[in-house]
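Visitor: Just dropping this structure here.
What follows is calculated from the coordinates using simple rules that are stated; it is not laboratory data. A quick note: this is a predicted structure, and the numbers were derived from the prediction, not measured. Positions of Cβ are backbone-derived with ideal geometry, glycine not excepted, and every protein chain shown enters the neighbour counts.
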Amino acid sequence: MAGVVVDYAAGPVLAECVASLLADGVDQVVVVENGDSSGARRALDAAGMAVPVVASGRNLGYGAGANRGVAATGDTAYVLICNPDLHLHRGAVGNLVRALDEQPSWAIVGPRVLTPEGVPYPSVRQFPSMVDAAGHAVVGLVHPDNRFTRRYRRAGLAGAGLAGDGLAGDGLAPADWVSGACFLARRSALEELGGFDEAYFMFAEDMDLCWRAHRAGWGVGYQPAAVVTHAQGMSTRRHPYRMLVAHHRSALRFARRSTEGWRRLALPLAALLLGLRLAVSLAAVAVKGGGRR
């Protein structure tokens, strides 16, 4: 099985991530470096890892980097795609593989994602309705734990783990979409779908891929028996303004792609709400960080 790590100057955590993949049974790992490839090479060499590094030459974004990594991994049936600030717990790969083996109609399966503090992250979510999307975008700025955001994040499923979530067996369940921070994908499905849409620089490329998978007749799933820890936010902290702009542009792009019929009449309002939300978010970052970039 192959693994693709999309890196952007993550430093020592890159080697730690690759080590966790190799230790958990990933045979072939490819690192795609969207930043300085010499830095990635030094980190891997210092850890004694002869892992190929694909130098993109510039920051192509997450989805475009993942596509290049998948293309460089040969013809394995499954591909694990993940961020560099991520650590796989033992048995995660095996549980994800078994999920796709047991569910031949699934294109993608995601693991249970924990923060470094051990808190479950809402990595499996529903496609938001127009009302929930608007509520999440606007109300979420002042009241994060609102009913719109809870529905969007499918509260309870990602955090439930193996017990108390109302799911049968080990918790294996279908999902609308799962976080691109880490998931296992069926190569044949990725090839059919054309991989990630590279028009998304960052954010929503995972939601878009899962949405297109459903449209093509594939399923998407969640396997909480597979556990990973994700540090999160390294690129966001280094480039907060650029990431905020990318986040809101991606949200609007997905809204345009996934909205059909009469609902398209609401797209100008969605653009206005996202623009206002972006302005508020940028101002908040400037005040909190004193305008540092």
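Visitor: Output ³J(HN,Hα) for region 198-213: one whole-Hz value per residue in order, computed from phi by the Karplus curve 6.51 cos²θ - 1.76 cosθ + 1.60 with θ = phi - 60°, and x for Gly and Pro.
Guide: Going residue by residue, I get 6, 6, 7, 6, 8, 6, 6, 5, 6, 4, 4, 4, 5, 4, 5, 4 Hz, with x marking Gly and Pro.
Visitor: A further question on this structure: So what's the gap between the Cα centers of region 193-220 and region 1-60, to the nearest angstrom?
Guide: Taking the Cα centre of region 1-60 as reference, the centre of region 193-220 is 24 Å away.
Visitor: Which order do the peptides 250-260, 177-187, 90-100 come out in when sorted by mean C-beta neighbours inside 10 angstrom, highest first?
Guide: Working: 250-260: 17.1, 177-187: 24.7, 90-100: 19.5.
Ranking the peptides 250-260, 177-187, 90-100 by packing returns 177-187, 90-100, 250-260.
Visitor: Let me ask another. Which order, highest average first, do 65-73, 268-276 follow once you tally other Cβ atoms within 10 Å for each residue and take the mean per peptide? Write down the numbers at each step before the final one.
Guide: Details: 65-73: 21.4, 268-276: 14.2.
Ranking, from highest mean packing down: 65-73, 268-276.
Visitor: Another question, then. For Val54, which sequence-distant residues (separation of 5 or more, or a different chain) have an amide H within less than 5 Å of its own amide H, given hydrogens modelled in the peptide plane?
Guide: Val31, Val32, Glu33
Visitor: Starting from the Cα of Thr259, step 7 Å along the direction of its Cβ; do the same at Ala283; then give the gap between the two resulting points in nm.
Guide: Result for the modelled spin labels: 2.4 nm.
Visitor: Same structure again: Taking the Cβ of each residue in Glu198, Glu191 as the centre, tally the other Cβ atoms inside 10 Å and list the residues starting with the fewest.
Guide: Working: Glu198 17, Glu191 11.
With the fewest neighbours first, Glu198, Glu191 line up as Glu191, Glu198.
Visitor: OK, next. Nearest 5 percent is fine: what portion of the DSSP beta bridges confined to region 1-131 is antiparallel?
Guide: Details: 2 of 15 bridges.
Roughly 15 percent of the DSSP beta bridges within region 1-131 come out antiparallel.
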